[in-house]
């Protein structure tokens with residue numbers, strides 16, 4: 001694929017104009033405006049030049065303001081437009097006049113309102129963009145968020161750089177992902193909120209990311225797609241090299257109605273999308289949480305890890321639920337081999353416990369020697385691909401700080417050295433104690449352990465992960 | 001139904017013996033032993049007498065110890081047995097000799113291990129119990145937890161009294177419920193962990209609770225049931241008066257295998273259980289979280305509340321997900337009537353917002369006057385039964401303490417006074433920020449607002465709640 005060098009400048013701009021920046025007056029209300037973009041760029045330490053455009057101001061936030069993009073003294077790599085819809089066509093004419101080709105229209109109130117006047121403005125925007133070869137992103141979106149360029153489009157986040165791109169038709173979902181990604185080790189190359197997709201659609205960004213060296217995994221949130229065939233072709237091509245993780249929203253009729261009022265999208269038919277996923281092998285998720293889970297899994301586990309799990313937790317009733325959940329989510333919980341069980345029974349009593357799988361063997365948590373022996377024994381079983389430790393939130397209380405540190409070292413040490421190459425991951429169980437569960441998860445993540453918020457989430461991620469690699473393998477060998 | 005007056009004494013005992021209490025030595029390891037039961041009763045402030053039984057001790061935890069139940073100087077209302085399996089038959093003979101009829105066998109290592117010697121001990125226990133009319137609970141369980149009698153069987157909990165009973169084949173699940181119930185306003189009449197159900201089965205407790213004046217709602221966690229017909233008959237009879245909420249574990253084949261190793265239960269067939277729920281109208285749940293959600297709903301909402309929801313949150317992408325989730329969980333999100341939409345548009349701008357439903361109208365959260373007007377307008381629409389506020393965890397940051405207090409007062413005030421009699425409830429969205437979400441939820445619950453952990457959980461609870469009342473109504477009128 002050929003690289004879009006015009007668009008490239010929008011992701012690593014030297015000069016940005018923001019059209020429609022009101023003068024700063026104390027605290028800013030929640031929501032996104034020209035002023036909030038200016039402040040976010042300053043906060044992120046953006047190293048290029050920013051030009052606030054406001055015909056009535058000379059300085060805003062200690063930055064010289066200009067009356068229009070035409071008065072800016074250098075070539076603009078990106079113009080962020082945050083003026084009312086009716087003024088947008090005029091701004092685009094100005095951009096055209098100075099050769100500023102990358103335009104992010106933040107303004108909402110276009111086709112998604114269903115109003116005739118808005119549709120008319122959209123059609124004028126389209127004409128200008130086509131005439132001048134403008135790359136128009138939006139309207140009704142938050143545009144480009146690029147940690148490596150210190151371009152921040154969301155507040156209250158950690159600006160984490162990494163190999164994950166996100167193409168999102170929703171600014172809210174993009175915000176959710178950049179908020180929760182860093183906690184589980186996900187950093188971003190490019191996050192693109194593109195809203196109504198009047199001109200630039202998901203496929204245009206996908207094409208760009210295919211040849212972007214900063215991007216190894218592509219996540220997408222889609223409501224509508226203009227060219228379904230192009231999407232299918234691009235995803236099928238890209239997915240084997242860079243896993244494509246997709247959340248398709250609005251597949252229920254009420255969801256489709258909401259998508260129409262959100263981005264003016266036609267959300268499309270469930271059968272068509274089912275066929276799309278089957279053909280492309282793209283990884284299907286249903287929420288930002290699932291997107292983060294599967295992305296984290298791709299980043300952390302070896303491609304060879306399958307979805308046959310040994311579950312080690314504790315509590316018999318718990319294990320019945322555990323088994324039901326795994327089976328519902330299509331993760332195998334095979335009976336351990338007789339040899340493995342015999343070896344476990346050398347140090348695990350059967351009173352109040354079980355070594356079938358899920359293992360009800362809380363006693364091994366009493367000492368890291370026992371735990372390590374249990375992990376080694378279970379991981380060596382050829383029917384097992386991955387070991388899931390299923391830990392309750394209240395579990396933290398039972399351990400001294402020393403015992404907890406020893407536990408962490410035991411698990412992370414096992415993952416570094418285990419001969420069988422099978423990972424031990426953790427699934428947390430909150431029992432209504434979200435804060436405790438969060439603390440437990442955070443402590444484990446700090447030492448590099450892969451932690452899922454619930455067992456169901458672990459199973460879903462592992463299943464999708466294994467299916468992805470199976471699909472790629474089979475496609476490669478032509479099975 | 002006739003009341004079981006023998007069993008009654010176990011729930012409000014004057015004298016309890018605990019057989020198998022080792023002498024206290026410093027901190028106690030996690031897990032349940034005779035000594036931990038003694039300490040828990042002391043901690044709870046149990047007002048009757050407790051007799052630790054240990055042939056080698058004279059005093060344990062400042063309480064006089066006795067060599068056997070036969071040496072205890074008064075009639076025993078309950079005997080807790082925590083000695084190794086092989087010694088249990090002998091203890092039961094002693095109980096029989098002194099007329100102690102209620103026996104809770106905590107000890108594990110019976111039929112669930114699959115070992116022949118354990119099966120043999122079980123058969124001796126059965127013979128003794130049948131001979132003497134003993135009410136044997138267990139083995140392999142935690143027995144009776146009765147807040148009103150200050151009998152506590154679980155540690156690190158709030159001893160909350162209330163109208164909810166829980167009959168649980170798993171001690172772990174019972175613990176999970178008593179841990180998380182109080183936070184959402186659930187107090188307990190009786191919590192019964194009954195393990196292997198060698199003698200007393202779920203149906204025996206159900207029969208007791210049917211005539212128990214302290215109990216208004218019955219929750220159950222079942223792995224196996226000995227007499228399915230009796231269960232069906234009892235639940236069908238009880239459910240219209242006291243809602244019966246049931247989690248049936250082990251319905252997958254792997255889950256059934258785990259149930260066998262847990263309580264030695266035959267978990268049974270999915271079709272049979274589907275028919276059971278259809279015939280009885282019992283409320284089906286799949287986890288302790290769902291059990292708590294639906295119980296909270298029964299305790300707090302009027303029976304007339306149906307499952308046609310107006311959702312008020314904010315964020316367009318969010319609302320697409322919201323709509324999809326509601327539809328997947330069978331909660332209606334009707335388009336608001338034209339009259340309602342016209343009234344909303346008097347104060348809600350369509351730019352970046354929508355009043356179709358889900359409502360994307362973040363602007364009304366800026367003032368309680370607007371919010372109240374929005375709630376009133378939406379709740380007055382005849383197509384709506386309930387209003388769900390869908391709030392993000394990060395939402396707290398946008399509000400000053402005063403604004404948050406005003407918001408809480410607005411919602412709880414609306415619920416006290418609203419003319420349409422339709423409740424406003426809250427569903428929290430954590431965006432990977434569990435701690436923030438928990439704080440938000442707690443703050444709202446403190447002022448009496450009904451809060452669900454996620455929108456999906458809210459939908460599931462509201463759907464089950466509405467279905468329950470529909471079933472009861474239709475059964476009553478013979479539709």
Next on the checklist: Going residue by residue through segment B:23-31, is there one that turns out to be in the same structural domain as residue B:115 (by TED's automatic domain parsing) and touching a strand residue (DSSP E or B) at 6+ places or on another chain (Cβ under 7 Å)?
Outcome noted: yes
Next on the checklist: Residues to consider are A:438, A:402; find the one that is surrounded by 22 or more Cβ atoms within 10 Å (Cβ to Cβ), without any contact (Cβ under 8 Å) to a residue 12 or more places away in the chain, assigned to a helix (DSSP H, G or I) and outside the structural domain of residue A:276 (by TED's automatic domain parsing).
Outcome noted: A:438
Checklist outcome for this item: Of the listed residues (B:232, B:295), the one being crowded, with 23+ Cβ neighbours inside 10 Å, in the same structural domain as residue B:187 (by TED's automatic domain parsing) and in a helix (DSSP H, G or I) is B:295
Checklist outcome for this item: Residues of segment B:417-435 being outside any helix (DSSP H, G or I) and either closer than 22 Å to residue A:296 by Cβ or within 13 Å of chain A (Cβ to nearest Cβ) (or both), in sequence order, are B:428, B:429, B:430, B:431, B:432, B:433
Next on the checklist: Step by step: first the residues of segment B:335-356, then only those that are buried (at least 20 other Cβ atoms within 10 Å of the Cβ) and more than 11 Å from chain A (Cβ to nearest Cβ), then the one that is modelled with the lowest pLDDT. Which residue is that?
Outcome noted: B:348
Checklist entry - Looking at residue A:364, is it assigned by TED's automatic domain parsing to the domain that holds residue A:438 and in a helix (DSSP H, G or I)? => result yes
Next on the checklist: With the requirement that a residue be farther than 11 Å from residue A:125 by Cα and more than 33 Å from the chain's Cα centre (by Cα), what does segment A:86-111 give you?
Outcome noted: A:94, A:96, A:97, A:98, A:99
Item to check | Residues located in segment B:321-357, provided they are within 32 Å of the chain's Cα centre (by Cα) and assigned to a helix (DSSP H, G or I) | outcome: B:321, B:322, B:323, B:324, B:325, B:326, B:327, B:328
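Look through A:360, A:381, A:385, A:330 and report the one residue that is touching a residue at least 24 places away in the same chain (Cβ under 8 Å), over 30 Å from residue B:156 (Cα atoms) and within 12 Å of another protein chain (Cβ to nearest Cβ).
A:330
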Next on the checklist: Against the condition closer than 16 Å to residue A:254 by Cα and buried (at least 24 other Cβ atoms within 10 Å of the Cβ), how does residue B:320 come out, does it pass?
Outcome noted: yes
Checklist outcome for this item: Apart from one, (1) under 21 Å from residue B:260 (Cβ atoms); (2) surrounded by fewer than 23 Cβ atoms within 10 Å (Cβ to Cβ); (3) modelled with pLDDT under 95 all hold for residue A:332; the odd one out is (3)
Checklist outcome for this item: Filtering segment A:77-112 down to residues that are within 12 Å of chain B (Cβ to nearest Cβ) and on the phi > 0 side of the Ramachandran plot yields A:109
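Condition check ((1) within 12 Å of residue A:311 (Cβ to Cβ); (2) surrounded by fewer than 22 Cβ atoms within 10 Å (Cβ to Cβ)) across all residues:
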site: A:358; (1), (2): yes, no
site: A:370; (1), (2): no, yes
site: A:375; (1), (2): no, no
site: A:387; (1), (2): yes, no
site: A:410; (1), (2): no, yes
Checklist outcome for this item: Of those in segment B:113-123 that are more than 9 Å from chain A (Cβ to nearest Cβ) and over 11 Å from residue B:85 (Cα atoms), the residue surrounded by the most Cβ atoms within 10 Å (Cβ to Cβ) is B:123
Item to check | Scope segment B:158-191; condition free of Cβ contacts under 8 Å to residues at least 60 places away in the same chain, touching a strand residue (DSSP E or B) at 6+ places or on another chain (Cβ under 9 Å), more than 10 Å from chain A (Cβ to nearest Cβ) and over 25 Å from residue B:5 (Cα atoms); matching residues | outcome: B:178
Item to check | Check on residue B:214, in contact with a helix residue (DSSP H, G or I) (Cβ under 8 Å, 6 or more places away or on another chain) and touching a residue at least 60 places away in the same chain (Cβ under 8 Å) | outcome: yes
Checklist entry - In the set B:284, B:308, which member is within 14 Å of chain A (Cβ to nearest Cβ), modelled with pLDDT of 95 or more and farther than 19 Å from residue A:320 by Cα? => result B:308
Checklist entry - So which of A:464, A:445 ends up being assigned to a helix (DSSP H, G or I), crowded, with 19+ Cβ neighbours inside 10 Å and touching a residue at least 12 places away in the same chain (Cβ under 8 Å)? => result A:464
Checklist entry - Of all helices (runs of 4 or more DSSP H) completely enclosed by segment B:115-225, which ones contain at least 1 residues that are outside the structural domain of residue B:84 (by TED's automatic domain parsing)? => result B:171-180, B:202-210
Checklist entry - How many residues does segment A:389-399 contain that are crowded, with 20+ Cβ neighbours inside 10 Å and modelled with pLDDT under 90? => result 4
Checklist outcome for this item: Going through (1) touching a helix residue (DSSP H, G or I) at 6+ places or on another chain (Cβ under 9 Å); (2) modelled with pLDDT of 95 or more; (3) assigned to a helix (DSSP H, G or I); (4) away from chain B (no Cβ under 13 Å) one by one, residue A:277 fails only at (1)
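The values are calculated or read from the model by the stated rules, or taken from the named source; none is laboratory data. Source: prediction; values computed, not measured. Glycine gets a Cβ as well: all are built from the backbone with ideal geometry, and neighbour counts include every protein chain shown.
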